[in-house]
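Student: The structure is given below, and queries will be raised subsequently.
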Amino acid sequence: MLRIISNIGRYSGMMWLVFSKPQKFKMFWKRFLDEIQLIGIESFPIVMLMSVFMGGVISLQTAANMDLPYLPAYTIGYITRSSTILEFSPTIISLILAGKVGSNVSSEIGMMRVTEQIDALEIMGVNSLNYLVLPKITAAVVFFPLLVTFSIGLSLVGGWLALLGSGLSSTDNYVFGLRSFFKVSDIIYALSKSVVFAYLIVSISSFYGYYTKGGAIDVGRSSTKAVVNSSVAILIANFFITQMFLLK
Amino acid sequence: MIEVKGVSKKFGEHLVLDNVSTNFEKGKVNLIIGSSGQGKSVLAKCIVGLHSVSSGQILYNGVDFCSMNEDAMRDIRKQIGMLFQGAALFDSMTVEENIAFPLQMFTKFTSGEQKKQVDYCLERVNLSGKNKLYPAECSGGMQKRVAIARAIVMNPNYLFCDEPNSGLDPKTSILIDELIKEITYDFKTTTIVITHDMNSVIEIGDNITFMHQGRNWWSGTKEEIIKTTNQEVIDFVYASKFMKQIKGKLNEI
Ligand SMILES: Nc1ncnc2c1ncn2[C@@H]1O[C@H](COP(=O)(O)OP(=O)(O)O)[C@@H](O)[C@H]1O
Ligand SMILES: [Mg+2]
């Protein structure tokens, strides 16, 4: 318990240094573009794969369980859309990215710590937290909503393909369902969640990477802690955000 | 000139530095020697502010470094070049980008001026033309030299080298030692070198501080260290057979 409190204290202290003005904007911009590539663009394939199959499973499950005479035929499309937008795309995709991005961020920074590269930055007079972590957080916060939007689209396509393949529903009914009772606020909700999750994943993983002590084995350990703790943080945050959204 | 006054450093209950006082002179190679685990690296890291001190003062030209705020500390650090034990090159950058990094971060140099300064530093460390290599493609000795080039690119007033020739063959170590000596005399830097290599001590040591059990046990020049009667220093200096033979020869003369 004491450990958790002291970690939260250190985490807040770290964020204070992360969110200072970049010492040189040109360098920040260069780092930012690198991170967009690393955190954003390179995550597209896995998000694509996950989303198509996730959408397929959601629509099939819905179709199989909602096959009741008194439910309108567009139910499948409607439920697939809602659950994809509200939960599956923002939350599941973020959990997957917590694994991919989280381990990458924490091992990169952890390796820089144990090989004294962070000390080298500090000696030069660079604010190492700001230099290393701010571009990562910014890139993730900018790019996660894009990834999630992309994922929503692909999930719905995946759902449609699965229904076509299995013959459980017609394209017309599915598309009609997708368009029923559509609320823009749902999309805003999904994208806001992805921004929060992006921040949590990158900041928590940077924290474990930055405070790595020891050698290569410890870098691995930090990386595991980063993934586990950012996943837990996502689930807890998701609970509170959902509650806030529903109570509104 | 750097003065260390009564510096102690504790990690938890573990007292690593015990009331250390010593001076490091400008334009000289100041050595910190001693066997492993005696707190040499910790002392250096305290001096540059990577570790906070538990008590005592560190004066850069008479100004106390420990009581400065973060920004003032960064300004002093911009005058410091440091060579780390493992070179600590940024492995995502080429040799050239590594060396140019402080210039990009802190100067308004155009890319032409940067290139000129980088090439000058590379020439200094005998690595002309290796601009585009990545650290992983360089041998240990080359990495150390690139790290020296990066350390001197901003014309530092203070140069720190933590075991610059550990893990290098004798010939490369001598090259590195000579490089450090040259740079110190040419740029008039206050140079601090941590080592446990007796060869370096004889080669480049202007002033020597011997660390033992977290204290500055003995200090003097290289001439004095050969003749000292301090038992711990003798144990350190004459640990190898080779040095013992030299001592035998000296006694005969
Ligand atoms: N960050 C740290 N936290 C706790 N103890 C440390 C730390 N760094 C060094 N020490 C301890 O300080 C002592 C001196 O270490 P060091 O200065 O690295 O020795 P050396 O003289 O070989 O460079 C060792 O006992 C080491 O365990
Ligand atoms: Mg050491």
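The values are calculated or read from the model by the stated rules, or taken from the named source; none is laboratory data. All figures in this text were calculated on a predicted structure; none of them were measured in a lab. Here the Cβ positions follow ideal geometry from the backbone for every residue, glycine too, while neighbour counts run over all protein chains shown. With ligands, DNA and RNA removed, areas are computed over all heavy atoms of the protein, side chains included. Shrake-Rupley method; radii C 1.70, N 1.55, O 1.52, S 1.80 Å.
Student: Given the structure, is B:Ile174 closer than 15 Å to B:Leu83 by Cα, more than 16 Å from ligand 1 (Cβ to nearest atom) and away from chain A (no Cβ under 14 Å)?
Tutor: no
Student: Of all residues in the stretch B:118-140, which are buried (at least 18 other Cβ atoms within 10 Å of the Cβ) and assigned to a helix (DSSP H, G or I)?
Tutor: Selection gives B:Val118, B:Cys121, B:Leu122, B:Arg124, B:Pro135.
Student: So which strands (runs of 3 or more DSSP E) stay within the stretch B:5-88 end to end and still have 3 or more residues that are out of contact with any Leu (no Cβ under 8 Å at 6 or more places or on another chain) and open to solvent by less than 30 Å² (accessible area, probe 1.4 Å)?
Tutor: B:14-24, B:29-33, B:55-60
Student: Just one of the numbered conditions (1) more than 13 Å from every other protein chain (Cβ to nearest Cβ); (2) of a type in the set (Ser, Thr, Tyr); (3) under 17 Å from B:Ser92 (Cα atoms) is not true of A:Ser94; which one?
Tutor: (3)
Student: Can I ask one more? State which residue pairs qualify: first residue within 13 Å of ligand 2 (Cβ to nearest atom) and inside the stretch B:185-205, second residue among the acidic types (Asp, Glu) in any location, beta carbons under 7 Å apart, and separation of 6 or more residues or different chains.
Tutor: Short answer, once both residue conditions are applied: B:Ile194/B:Asp162; B:Ile194/B:Glu163; B:Thr195/B:Glu163.
Results for (1) closer than 30 Å to B:Ile80 by Cβ; (2) at pLDDT 95 or above; (3) crowded, with 19+ Cβ neighbours inside 10 Å; (4) within 14 Å of another protein chain (Cβ to nearest Cβ), shown as yes or no for each residue.
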position: A:Ile85; (1), (2), (3), (4): no, no, yes, no
position: A:Phe88; (1), (2), (3), (4): no, no, yes, no
position: A:Ile109; (1), (2), (3), (4): yes, yes, yes, yes
position: A:Ile123; (1), (2), (3), (4): yes, no, yes, yes
position: A:Trp160; (1), (2), (3), (4): no, no, yes, no
position: A:Gly165; (1), (2), (3), (4): no, no, no, no
position: A:Leu168; (1), (2), (3), (4): no, no, no, no
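Student: Taking the options A:Asn173, A:Asn130, A:Asn104, name whichever one is in contact (Cβ under 8 Å) with a residue 60 or more places away in the chain, within 14 Å of chain B (Cβ to nearest Cβ) and open to solvent by 10 Å² or more (accessible area, probe 1.4 Å).
Tutor: A:Asn104
Student: Right, another one. Considering (1) under 27 Å from A:Glu108 (Cβ atoms); (2) in a helix (DSSP H, G or I); (3) open to solvent by 10 Å² or more (accessible area, probe 1.4 Å), say which one B:Glu113 fails and leave the rest.
Tutor: Condition not satisfied by B:Glu113: (1).
Student: In the stretch B:29-50, what count of residues is obtained for those that are in contact with a Phe, Trp or Tyr (Cβ under 9 Å, 6 or more places away or on another chain), within 13 Å of chain A (Cβ to nearest Cβ) and touching a residue at least 40 places away in the same chain (Cβ under 8 Å)?
Tutor: 3
Student: Quick check on my filter: what residues within the stretch B:54-93 are among the acidic types (Asp, Glu) and at the interface with another protein chain (Cβ under 9 Å from one of its Cβ atoms)?
Tutor: Result: B:Glu70, B:Asp75, B:Asp91.
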